[in-house]
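Have a look at the structure that comes next, please.
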Amino acid sequence: MAETDTVFLYDGSLAGFYSCVHTAIYEHVMPIAIQKDGSAQSLMFFRNNIITDNERALRVRNAIKTKLSIRTLELIENVFLASLESRELLLLRFILQCFEKGVSFTYQLTDALVAKLIKAEKHLKNEAHLMIGFIRFVDHSQTLVSFISPKNYILPLISEHFSDRYSEESFLICDKTNQVVLVHHQHHSQIVPLSVPLSLTLSEDELHFQTLWRRFYQTISIKERENHLCRKTHMPNRYWDNMLELKDEM
Amino acid sequence: MFFEVMYMDLQDKLTILADSAKYDAACTSSGVDRKGGKGLGNTTAAGICHSFSADGRCISLLKVLMSNHCTYDCHYCINRCSNDTIRRTAFTPKELAELTIQFYRRNYIEGLFLSSGVLKSPNNTMELMIRTLELLRNNYQFNGYIHAKTIPGASADMVERIGLLADRLSINIELPSEDSLRKLAPKKTKTSILKPMNLIAKSIHNNSQELSIYNQSPRFAPAGQSTQMIIGATPETDRQIIRLSERLYRHYHLRRVFYSAYIPSIEDSFLPSIDSKPPLLREHRLYQADWLMRKYHFSADEILSETMPNFNPYIDPKCHWALNHMDTFPIDVNSAPIETLLRVPGIGPVGAQKIVIARRNCRLTLEALRSLGIIIKRAQFFISYSGVTKPYHASRDYIVRSLIDPKAYTFGTEQLSLFTPNQSIPEIKKTTPIEHAIEEAVRCLALSF
């Protein structure tokens with residue numbers, strides 16, 4: 001498909017993205033860019049507002065799942081959550097190449113496009129894995145509350161872990177970057193927009209446990225082995241803001 | 001007011017008992033997958049690092065002693081009973097269980113790592129530890145990770161009970177030879193350590209048989225067994241140490257052996273002086289050798305021999321082996337089996353897997369290998385690939401220089417001076433500038449390969 005001078009505008013959702021894919025394939029249009037509605041646009045190009053159609057989106061999804069593979073679908077949906085620039089367009093190109101060359105294209109690790117997608121997926125998975133350890137909760141009136149500032153949209157990836165770990169508790173994980181919050185209450189989780197800014201006053205009990213943890217953190221280090229570079233490599237500075245024991249070290 | 005006093009005590013207790021426990025290197029929360037559901041918590045097989053301390057080590061568990069009172073007098077231990085300079089205290093089982101739960105709820109930890117000094121007797125100590133674990137598992141319905149140390153000399157029924165409560169058990173081998181153990185820790189006899197270790201291994205084996213019949217059987221130490229030894233306090237060679245590790249892995253099916261560089265804290269005629277530096281580079285080489293044995297299918301005898309009983313500080317054990325076995329190279333990346341790929345410097349388990357997957361679709365070139373994350377700077381002398389049948393030819397000097405471990409630079413000349421000189425390792429003084437030391441080493445190494 002030749003690249004036309006059309007820009008696809010969509011609502012930012014996964015279903016919206018699949019609707020763009022559907023349009024590209026069935027109307028034989030290769031857009032020059034796929035952008036979220038509301039972002040800055042050049043007047044040079046034609047704009048095509050893609051309407052999110054759940055039925056068409058599902059058809060595209062099933063086609064990928066059955067005609068390609070589950071791994072291909074996983075890669076696509078993971079990269080969609082990642083913070084890769086122009087990821088929608090790259091994913092569209094990837095999907096088209098997969099249909100053209102066959103499912104083995106997904107494993108062509110030496111291809112520049114596939115390598116780029118896998119790198120973004122790795123970045124996403126790494127951040128989610130680190131975040132699972134670095135999240136700190138505060139007990140606020142029997143609800144556990146925490147704040148995170150990730151680079152990628154990791155809430156869907158960490159939701160299962162925490163819903164399982166704290167299945168009988170109520171908790172909130174507030175994503176400051178993406179302005180959404182994961183709410184878990186009475187064995188049920190969902191991700192909703194974060195509308196109200198939360199400010200917390202800590203109870204005495206909470207302050208005592210925080211002091212205990214800080215004390216433990218400072219004590220456990222062996223002075224003769226101090227290695228700040230090693231610590232920074234494993235725990236990048238950008239996570240420290242939301243971790244109480246490291247606020248003193250900053 | 002009452003809470004103030006209670007928490008003050010708890011703060012001091014935690015400081016003292018965490019300070020006493022920090023030399024125990026084992027701190028992973030790995031080895032078992034357990035879903036949550038009823039109660040609080042779950043575990044993840046890969047383990048989760050919640051933080052990293054100022055010394056760069058992962059913090060995953062609440063690592064404490066039940067008590068730092070001790071009736072033993074081991075020379076290397078800060079808690080030895082003849083040491084009057086430290087404050088002694090103990091947690092109550094209820095205090096410790098509550099602390100663990102509150103830390104766990106806030107996602108500070110994956111669980112508890114519980115060791116102890118010997119309070120009156122091994123069995124008495126075990127009883128207190130068991131009571132804490134019972135509170136956690138039964139009263140608090142805690143499903144998180146528990147690593148419990150077994151006290152040397154504990155009886156069989158104590159071991160049986162604690163194994164059903166903990167995920168991982170460990171008993172420290174402490175020192176790499178029976179002679180050293182007798183000299184520095186006379187009350188910790190070889191039997192008192194190996195008997196429980198053997199019992200744990202047998203119980204784990206029996207448990208896996210039970211589970212194959214009825215998979216809802218209670219689990220005994222599902223994350224297996226580990227141990228630890230102190231490096232640099234006693235004169236054993238590296239070869240003795242890794243041969244011991246190999247025997248421990250084979251005979252007792254341990255998951256991990258941990259090596260802890262001796263940090264002098266007390267002046268003692270049997271131990272290195274209190275000014276001596278902890279042998280961190282040597283500890284690093286031991287972990288590299290340990291990884292080679294577990295993940296790369298090397299045997300201890302392949303890594304070190306009678307003629308070379310100690311590690312080369314400048315080159316990691318794998319590169320050292322490769323340089324001594326140049327006749328096994330070049331290896332064709334497009335056809336070699338995965339075990340052979342693992343022998344190439346610059347190719348690790350992840351890289352080898354990627355090669356195997358990628359080569360199903362196309363023949364791999366040098367650029368392809370680079371994009372897979374293979375370290376070409378090292379691997380190029382040992383491989384052949386699409387378009388090239390002979391490896392990159394270079395002088396011995398050049399090859400050695402490419403394989404020198406950059407960590408030898410960062411650890412510094414002081415660490416290098418701790419290694420024994422031999423034909424390929426010149427003697428290094430602490431004051432030698434690092435560049436001179438490296439040049440001298442390259443010259444010696446190039447001659448010996």
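The values are calculated or read from the model by the stated rules, or taken from the named source; none is laboratory data. Here the structure is a predicted model, which is why all the values come from computation and not from measurement. Reconstructed Cβ throughout: ideal geometry from the backbone, glycine too, with neighbour counts over all protein chains shown. Heads up: the accessible areas ignore ligands, DNA and RNA and are worked out on the full protein's heavy atoms, side chains in. Shrake-Rupley method; radii C 1.70, N 1.55, O 1.52, S 1.80 Å.
In segment A:41-110, which trypsin sites (Lys or Arg not before Pro) fall in coil by DSSP and have 16 or fewer other Cβ atoms within 10 Å?
none
Can I ask one more? Using a 1.4 Å probe and counting only protein heavy atoms, arrange A:SER149, B:SER29 so the residue with the most accessible area comes first.
Listed by decreasing accessible area, they come as A:SER149, B:SER29.
Once you mark the GluC sites (Glu not before Pro) that are in a DSSP loop and have at most 14 other Cβ atoms within 10 Å, what is the longest gap between them in chain B?
B:1-266
Would you mind pulling out the separation of the Cα centroids of segment B:203-252 and segment B:423-438, in Å?
38
I've got another one for you. If I fit a long axis through the Cα atoms of helix B:238-252 and take the longest principal axis of the Cα atoms of chain B, what angle between them do I get, 0 to 90°, rounded to 10?
It is inclined by approximately 60 degrees.
If you build a Gaussian network model of chain B, linking Cα atoms that sit under 10 Å apart, which residue out of B:GLN216, B:GLN380, B:GLN288 swings the most?
Highest fluctuation of the listed residues: B:GLN216.
Compute the projected area of the convex hull of the Cα atoms of segment B:333-381, averaged over all viewing directions, and report it in nm² to one decimal place.
Approximately 2.9 nm², given one-decimal rounding.
Okay, next question. Alpha carbon centre of segment B:143-157 versus segment A:68-91: separation in Å?
For segment B:143-157 versus segment A:68-91, the Cα centre distance is 46 Å.
Where does segment B:292-372 land on Rg(C-alpha)/(2.2 N^0.38 Å)? Don't skip to the end; give the middle numbers.
Working: Rg = 14.0 Å, N = 81, 2.2 N^0.38 = 11.7 Å.
Computed over Cα atoms of segment B:292-372, the ratio equals 1.20.
So what is the diffusion coefficient of chain B in µm² per second by Stokes-Einstein at 37 °C and 0.692 mPa s, using a Kirkwood Rh over Cα pairs?
Stokes-Einstein gives a translational diffusion coefficient of 136 µm²/s.
From the alpha carbon gyration tensor of segment B:173-218, can you work out the equivalent ellipsoid semi-axes (sqrt of 5 times each eigenvalue) and give them in Å, largest to smallest? Each step should come with its number before you reach the end.
Working: eigenvalues 231, 11, 8 Å².
Result for segment B:173-218: semi-axes of 34, 8, 6 Å.
Another one. Quick one: which of B:LYS295/B:LYS318; B:LYS277/B:LYS430; A:LYS223/B:LYS187; A:LYS122/B:LYS318; A:LYS119/B:LYS407; A:LYS232/B:LYS13 span more than 18 angstrom between C-alpha atoms?
Cα-Cα > 18 Å for A:LYS223/B:LYS187; A:LYS122/B:LYS318; A:LYS119/B:LYS407; A:LYS232/B:LYS13; rest within.
Right, next: For the residue pair B:SER273 and B:ASP327, what label-to-label distance in nm results when each label sits 7 Å from Cα along the Cα-to-beta-carbon direction?
In this crude label model, B:SER273 to B:ASP327 measures out at 4.7 nm.
Within the P(r) computed for segment A:164-235, what percentage of the Cα pairs occupies the region above 13 Å?
78
Could you work out how far apart the two model spin labels at A:ALA115 and B:SER305 are, taking each label as a point 7 Å from the Cα in the direction of the beta carbon, and quote it in nm?
Result for the modelled spin labels: 3.9 nm.
Moving to a separate point now. Kindly provide the helix-only [θ] at 222 nm of the protein assembly as shown, computed as the sum of -39,500 (n - 2.57) over DSSP H runs of four or more divided by all residues, to the nearest 500 deg cm²/dmol?
The per-residue figure over the protein assembly as shown is -12500 deg cm²/dmol.
Helix B:280-295: angle to the longest alpha-carbon principal axis of chain B, degrees 0 to 90, nearest 10?
80
For chain A, build the convex hull from the C-alpha positions and give me its volume per residue in Å³.
Spread over its residues, the Cα hull of chain A gives 175 Å³ apiece.
What does a probe at B:ALA156 reach in segment B:175-197, counting residues whose amide N is under 15 Å from the point 7 Å along Cα→Cβ?
B:195-197
Oh, and also: Please give the total accessible area that chains B and A bury against each other, computed with a 1.4 Å probe and expressed in Å² to the nearest 100.
Result for this pair: about 5100 Å² buried.
When only alpha-carbon atoms count, how far does segment B:296-336 stretch along each of its three principal axes, as whole angstroms with the largest first?
35, 20, 17
If I model a spin label at A:MET250 and B:TRP291 as a point 7 Å from the Cα along the Cα→Cβ vector, what separation in nanometres do I get?
Spacing of the two 7 Å Cα→Cβ label points: 3.2 nm.
Would you kindly calculate the translational diffusion coefficient of the protein assembly as shown, applying Stokes-Einstein with the Kirkwood radius from alpha carbon pairs, for 10 °C and a viscosity of 1.306 mPa s, and quote it in µm² s⁻¹ without decimals?
Rounded to a whole number, D works out at 56 µm²/s.
Let me ask something else about it. Taking Cβ-Cβ under 4.7 Å as the only way to count a partner, pick out the unpartnered cysteines of chain B.
B:CYS27, B:CYS70, B:CYS81, B:CYS319, B:CYS362, B:CYS444 - these cysteines have no disulfide-compatible partner (Cβ-Cβ under 4.7 Å) in chain B.
Below 8 Å between Cα atoms, with a sequence gap of 6+, how large is the relative contact order for chain A in percent?
12
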